[in-house]
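> I am attaching a structure below and will ask some questions about it afterwards.
The values are calculated or read from the model by the stated rules, or taken from the named source; none is laboratory data. Since the model is a prediction, treat every value here as computed from it, not as a measurement. FYI the Cβ positions are ideal-geometry reconstructions off the backbone, even for glycines, and counts take in every protein chain you see.
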Amino acid sequence: MIEILKHPIFARLFAAQVVALAGTGLLTIALGLLAYDLAGANAGIVLGTAYFIKMIAYVGLSPITGALVARLPRKMVLIAADLIRFGVALCLPFVDSVGQIYVLIFALQAASATFTPAFQALIPDVLIREEDYTRALSLSRMAYDLENLLSPMLAGVLLLIMPFNWLFVGTAAGFLASTYLIWRTEIPARAQEPARPFLARVTRGSWIYLATPRLRGLLSFNLGAAAFSAFVLVNTVVLVRETYGREDAGLALAMGAYGMGSMLAAFGLPWLLDRLPDRRVMTFGAACLGALTVLHALWIGIAGPLDWSGFLLIWAVSGALYAAILTPAGRLLRRSAQPEDRASVFTAHFALSHACWLITYPMAGFVAVWTSLWISMALMGSIGLGSVVLARKLWPRTSAEIEHEHPDLPLDHPHIVAHGGRRHSHAIVIDDEHHVWPTHG
């Protein structure tokens, strides 16, 4: 898997992703501690609201900003978004009210809503072969896990010598380093996209996404993953401080265990995905994660919390199962869009998948405060189990190629000529020639 880093363009982009996410990891720890400092035991509500605002920016703005920058140079878009995130991060050490948290988080995540899907859609244009792209996805998953592993470890060390507010400076440094690496990288040009009205550009990715069965299934799996990860991000700080009585470094250790599990899974996923269908791997991960979460919640409700080492083990296993759900997503998106539509489909996935977090973040926080942590955990696990049932219904097993007919296209249309007649068989991608998914030929 490390061999893929010999590709010079991908290596630089991967380095940019690593440093930016390392800074974001410091942000996660610092934001949790800032919320606890300002709101005490109600930190879950503050964090739940902050992440709700983040999701509003992601869901509401990403399709619009994606359409606005669709014709701009990719490098310019990525650098501008990173510089905005850098500026916002420099303001965070001076926050002294909950309202200021909400405003700055919205500004930072609005920039991320532009940067992240544009960055994700760029990688398939850099790595053409699917086996290379699969390994890049696993490395990308590992980079995200640095947010939950190496960054909390670094945060734990830094917290011994400085106040937590200074962790936000590390966040700014990560965004600045990402800017520099992208500036030094030769970015491939976009695939030529036909001229379309602005509204069509905004909605095209969602149309393709929701018309594709495997992507509808992917969205359902994302709901289950979002339910658990929302509980982790919103309530781990409360579990660590209130239930286990640990100090700030305890939060870093708990998030580090979660990230370690995900990172270890990422090493094995390319081998697994070369041998098993994506649908089977994602089903296993989602079903096991939902069941483990429900059982953990029931144990807490009946017998009380596990000891500290048992809790860390549960978080590590859960991180591994979470990675099994999310890592194959890029492969499914790549297979489901023509090159010129790829950025739109990645943006649609970014928005629609984060709509799941838009629901689960406040739910995880408010249910925990209004009832108890174990009830919130049980609810999130139940949502995860339900998502498996829904995903398998939305994404039935189908053959790679589907026989279908094009009665609406003329016989001299390039698509008809290329496939030898109106009735033919090939792998389906929703596009201008295939407006709906063929189900009965």
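> Whether any residue in segment 275-293 is of a type in the set (V, I, T), modelled with pLDDT of 90 or more, within 30 Å of L127 (Cβ to Cβ) and part of a helix (DSSP H, G or I) is what I want to check. Give the derivation first.
Restricting attention to segment 275-293, the residues satisfying the condition of being of a type in the set (V, I, T) are 281, 283, 293.
Narrowing further to those that are modelled with pLDDT of 90 or more: 281, 283, 293.
If we keep only those that are within 30 Å of L127 (Cβ to Cβ) as well, we get 281, 283.
Checking which are part of a helix (DSSP H, G or I) leaves us with 281, 283.
Looking through segment 275-293, at least one residue is of a type in the set (V, I, T), modelled with pLDDT of 90 or more, within 30 Å of L127 (Cβ to Cβ) and part of a helix (DSSP H, G or I).
> Given (1) at pLDDT below 90; (2) surrounded by fewer than 23 Cβ atoms within 10 Å (Cβ to Cβ); (3) closer than 30 Å to L306 by Cβ, where does T360 come up short, assuming only one miss?
Among (1) at pLDDT below 90; (2) surrounded by fewer than 23 Cβ atoms within 10 Å (Cβ to Cβ); (3) closer than 30 Å to L306 by Cβ, T360 violates only (2).
> Of the residues in segment 385-405, how many are closer than 27 Å to A348 by Cβ and at pLDDT below 80?
Qualifying residue count, segment 385-405: 7.
> Across segment 73-101, which residue is nearest to M55 (Cα to Cα) among those that are modelled with pLDDT under 85 and surrounded by 16 or more Cβ atoms within 10 Å (Cβ to Cβ)?
Residue satisfying both the conditions and the ranking: I101.
> Another question, if that's okay. Considering (1) modelled with pLDDT of 80 or more; (2) part of a loop (DSSP other than H, G, I, E, B), say which one A348 fails and leave the rest.
The number of the failed condition is (2).
> Considering segment 321-337 alone, what residues qualify as being part of a helix (DSSP H, G or I) and under 20 Å from Y133 (Cα atoms)?
Here is the first cut: in segment 321-337, the residues part of a helix (DSSP H, G or I) are 321-326, 329-335.
Result: Y322, A323, A324, I325, L326, A329, G330, R331, L332, L333, R334, R335.
> Given (1) within 20 Å of the chain's Cα centre (by Cα); (2) farther than 24 Å from I402 by Cβ, where does S344 come up short, assuming only one miss?
Failed condition: (2).
> Here is a list: W437, W374. Which entry is touching a residue at least 60 places away in the same chain (Cβ under 8 Å), surrounded by 14 or more Cβ atoms within 10 Å (Cβ to Cβ) and in a loop (DSSP other than H, G, I, E, B)?
Every option except W437 fails the conditions.
> If A303 passes every condition in (1) under 18 Å from the mean Cα position of the chain (by Cα); (2) surrounded by fewer than 18 Cβ atoms within 10 Å (Cβ to Cβ) but one, which one does it miss?
(1)
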